[in-house]
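The values are calculated or read from the model by the stated rules, or taken from the named source; none is laboratory data. Note that this is a predicted model, so its numbers are computed, not measured. With ideal geometry, Cβ positions are generated from the backbone for all residues, glycine too; neighbour counts draw on all protein chains shown.
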Amino acid sequence: MICDARLQRLVQYLQVLPAGQKRTILIATDAAVGASAVMVTAKLMLPFDHMVALAVLAGILMALVSILLGLDRVKLNAFLHGGILRSLAAAGILALGFGGWLAVTGNSGIAGPSALLFPVLVAFAGLVLSRAVLLRLLLAILEHRHTQTRVLIYGAGTTGAQLAAALQAHETVHVVGFLDDDPSLWGRRVAGLRVHGPAAITALAARHRIDRVLLAMPSLPAAKRLRVSRGLIACGLEVHALPSFAQLAGTGTLCDHLAPISTDDVLGRTELAWDLDRHAGAYRGRTIMVTGAGGSVGAELCRQLLALGPRRLVLFELGEFALYALHRELTALPRADSVDIRPVLGSVTDAACVRDAISDHGIEVILHAAAYKHVPLVETNPLAGLHNNAIGTWVLADAARAAGVSRFILISTDKALRPANMMGASKRLAELVVRDMARRPGRTAFSIVRFGNVMGSSGSVIPLFREQIAAGGPVTLTHDDVTRYFMSLAEAAQLVLLAGAQESVRGGGSGDILALDMGAPIRIRDLAARMVAAAGLTVRDRDNPEGDIEILIIGLRPGEKLQEDALVTPGMMTTPHPKILRAVEPPLPMGEVAGILQALQDAIRAGDADLARLVVDAAVGPRSPAENTAPFRNAHRARG
């Protein structure tokens, strides 16, 4: 207890010492070493008296030399790299001083090479030894004060050896040994530490109380490194990976080892370029509201609208953090200085909130991008999906018509065409609502824009595949032959803006459905294989059992199609833009949509998912509009 208390006081004393006093201690130590070296030399080899005077002179000389060469500024844990040559130079200067003293005192005759070489060796050894003793003392004190982390280094190559050497003098880390996959290294010593096979990890961890394993294999493919990490974590160990030199230099990141996927690679075509400048007049100087502004498409719409110079841009979003992040991003852009950007937190299903947002900000154009888009989630939560996508569109469109908004553009999806799932059906109902609104009296021009999957959006397979590849696989695929239509996020946003501008040129919307020629569908398995290759890895399959990433078929989920219907079909009408076509679809009879919405609201209020599905089937199933009337009325009577 007494020793512990004294040691604690010593630690506290060392901690509060200023740098100048610490340097003084080192200079005094060097002076003592110089004095001792000369005294030992004189005592053993030369018949001198006046040893005290000689020792004092030698100590003063060594102190001055130490200051001159900066020995007092070299840190103890870096002494091997920055202090060895300086110590040798200091010892040489001390010996020359000793030789000069011999000449002055008339003893030059006995100052041969041995009389000068001996103090060099003694002084050099003393300087190095004193630093080693001080470092060991300091480490012992810090070890007593700090709990050391006991680590193993996985990888006994050059990087591992350099890491072990760098950690040798670290006060809070104790390297126990190496692990390596190469059997030829097992049992050998690297950097003074034994190399073990991976199979010994459990025994080593228990025997040496290992806290952490450091992966010193920066050149190993990410998937293999992650497989090693999983095995170590399963043993209850903390695993840290040493970054590559490229990552340390700032040309790579610690967590993203995947090469970017270009638009051309995925689409199989050059990204379509849209001439928005010619149509900027449809948005310049206007007050525009984007619903679902925090989503992928909504946010891109806001970015591109900002460049077109609207007077005011209203960001309408349900998610608080998404709205905060987008508002912060947009207001930081240079072109935001001339645009009044207003964030509005609310839901499109809240009629009062929607009306207030439109009237308070004087909205002239609405781009409706707010929707639940994830097919499996909407399939298992049909009431929430229908309420947000269908009823929310009706609330918003009705408020826009009542307020006299100039243009209303619904952003729809290819899944609304002959829908096979509740998400597609809810968007199809939203289209029916907008087309019905377009036939009512008012000055609002309504239009609908359909497009397929958007690359990189929150619901796209591309972010999912990137995460799965980064985690070492497997990449999950619903079906080996599943295909989808893709477009870039920039294309999707530009199409919506062009469609709205075309409606302005046409002189008013009639609820027409505009669709983009998206080219040929993409086989999702080919997309997954290209992403694996872009990450510098290979697909593990029957032909390549040693590959890195497996592609696992998990089966189509409820509501998913093997192939989506083509948006562009023969018989569609052209528009001023060659890649935008107009779908010709007969509307429902007047008043039919009101009955659908009433029946749907009754089902939602009652929490009756089965009745809601019945309403949806009657509205968007493979029937003619006339055949749809009776089921709706029957469903509504059943609830009444």
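With the condition kept exactly as written, say whether any residue in the stretch 286-293 is crowded, with 18+ Cβ neighbours inside 10 Å and on the phi > 0 side of the Ramachandran plot. Scanning the stretch 286-293, I find at least one residue that is crowded, with 18+ Cβ neighbours inside 10 Å and on the phi > 0 side of the Ramachandran plot, so the answer is yes. Considering only residues that are more than 15 Å from residue 291 (Cα to Cα) and crowded, with 16+ Cβ neighbours inside 10 Å, look in the stretch 323-361 and name the one that is nearest to the chain's Cα centre (by Cα). Of everything passing the filter in the stretch 323-361, 330 is nearest to the chain's Cα centre (by Cα).
Contact map, the stretch 341-362: residues that are outside any helix (DSSP H, G or I) paired with residues that are of a type in the set (Ser, Thr, Tyr), Cβ distance under 9 Å, separation 6+ or inter-chain. Pairs shown: 341/331; 343/324; 348/291; 348/393; 362/287. For the stretch 376-434, what are the residues that are touching a Gly at 6+ places or on another chain (Cβ under 8 Å), in a loop (DSSP other than H, G, I, E, B) and closer than 20 Å to residue 353 by Cβ? If the condition is that a residue be touching a Gly at 6+ places or on another chain (Cβ under 8 Å), in a loop (DSSP other than H, G, I, E, B) and closer than 20 Å to residue 353 by Cβ, then 404 is the only one that fits.
For the stretch 298-309, a tally of residues being more than 20 Å from the chain's Cα centre (by Cα) and charged (D, E, K, R) returns 1. Would you point out the residue of the stretch 127-150, among those that are hydrophobic (A, V, I, L, M, F, W, C) and touching a Leu at 6+ places or on another chain (Cβ under 7 Å), that is modelled with the lowest pLDDT? Filtering the stretch 127-150 for residues that are hydrophobic (A, V, I, L, M, F, W, C) and touching a Leu at 6+ places or on another chain (Cβ under 7 Å), the one modelled with the lowest pLDDT comes out as 141. Close Cβ contacts (under 7 Å, 6 or more residues apart or on different chains) running from residues in the stretch 465-489 that are closer than 16 Å to residue 538 by Cβ to residues that are polar (S, T, N, Q) and buried (at least 19 other Cβ atoms within 10 Å of the Cβ) comprise 474/468; 475/468.
Return the total of residues in the stretch 286-303 being touching a Gly at 6+ places or on another chain (Cβ under 8 Å) and either in a loop (DSSP other than H, G, I, E, B) or of a type in the set (Phe, Trp, Tyr) (or both). Residues meeting the conditions: 2.
Which count do you get for residues in the stretch 304-322 that are exposed (fewer than 14 other Cβ atoms within 10 Å of the Cβ) and assigned to a loop (DSSP other than H, G, I, E, B)?
The qualifying residues number 0.
The C-beta contact set for the stretch 535-559 (first residue part of a loop (DSSP other than H, G, I, E, B), second residue of a type in the set (A, V, I, L, M, F, W, C), distance under 6 angstrom, 6+ apart or interchain) comprises 535/258; 535/469; 537/223; 537/549; 547/539; 548/223; 548/537; 559/375.
Per-residue answers, yes or no, for (1) at pLDDT below 80; (2) more than 29 Å from the chain's Cα centre (by Cα); (3) over 14 Å from residue 465 (Cα atoms):
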residue	(1), (2), (3)
528	no, no, no
557	yes, no, yes
566	yes, yes, yes
577	yes, yes, yes
580	yes, yes, yes
585	yes, yes, yes
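Confirm whether residue 120 is surrounded by 14 or more Cβ atoms within 10 Å (Cβ to Cβ), farther than 18 Å from residue 238 by Cβ and either at pLDDT 65 or above or among the hydrophobic types (A, V, I, L, M, F, W, C) (or both). So residue 120 fits the description; yes.
Residues of the stretch 151-209 that are at pLDDT below 85, part of a strand (DSSP E or B) and among the β-branched types (Val, Ile, Thr): 173 alone.
How many residues are of a type outside the set (A, V, I, L, M, F, W, C) and exposed (fewer than 12 other Cβ atoms within 10 Å of the Cβ) if we restrict to the stretch 183-199? Of the residues in the stretch 183-199, 4 are of a type outside the set (A, V, I, L, M, F, W, C) and exposed (fewer than 12 other Cβ atoms within 10 Å of the Cβ).
The selection criterion, being in contact (Cβ under 8 Å) with a residue 12 or more places away in the chain, surrounded by fewer than 22 Cβ atoms within 10 Å (Cβ to Cβ) and of a type in the set (Val, Ile, Thr), does not hold for residue 413. Of the residues in the stretch 452-460, at least one is part of a loop (DSSP other than H, G, I, E, B) and under 17 Å from residue 515 (Cβ atoms).
Yes/no matrix, rows are residues, columns are (1) modelled with pLDDT under 70; (2) surrounded by 19 or more Cβ atoms within 10 Å (Cβ to Cβ); (3) in a helix (DSSP H, G or I):
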| site | (1), (2), (3) |
| --- | --- |
| 58 | no, yes, yes |
| 77 | yes, no, yes |
| 106 | yes, no, no |
| 125 | no, no, yes |
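Of the listed requirements (1) under 34 Å from the mean Cα position of the chain (by Cα); (2) surrounded by 23 or more Cβ atoms within 10 Å (Cβ to Cβ), residue 433 misses just one: (1).
Each row is one residue, and each column tells you yes or no for (1) more than 27 Å from residue 373 (Cα to Cα); (2) under 26 Å from the mean Cα position of the chain (by Cα); (3) modelled with pLDDT under 60.
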site	(1), (2), (3)
268	no, no, yes
274	no, no, yes
296	no, yes, no
311	yes, no, no
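Considering the stretch 362-399, the residues that are of a type in the set (Gly, Ala, Ser) and over 23 Å from residue 438 (Cβ atoms) include one that is surrounded by the most Cβ atoms within 10 Å (Cβ to Cβ), namely 385.
Do we find that residue 420 is within 17 Å of residue 619 (Cβ to Cβ) and surrounded by fewer than 22 Cβ atoms within 10 Å (Cβ to Cβ) in this structure? Break it down into steps so the answer makes sense when it comes.
Values: within 17 Å of residue 619 (Cβ to Cβ): yes; surrounded by fewer than 22 Cβ atoms within 10 Å (Cβ to Cβ): yes.
Here the answer is yes, as residue 420 does meet what is asked.
The set of residues from the stretch 200-233 being exposed (fewer than 14 other Cβ atoms within 10 Å of the Cβ), small (Gly, Ala, Ser) and farther than 19 Å from residue 150 by Cα comprises just one member, 219.
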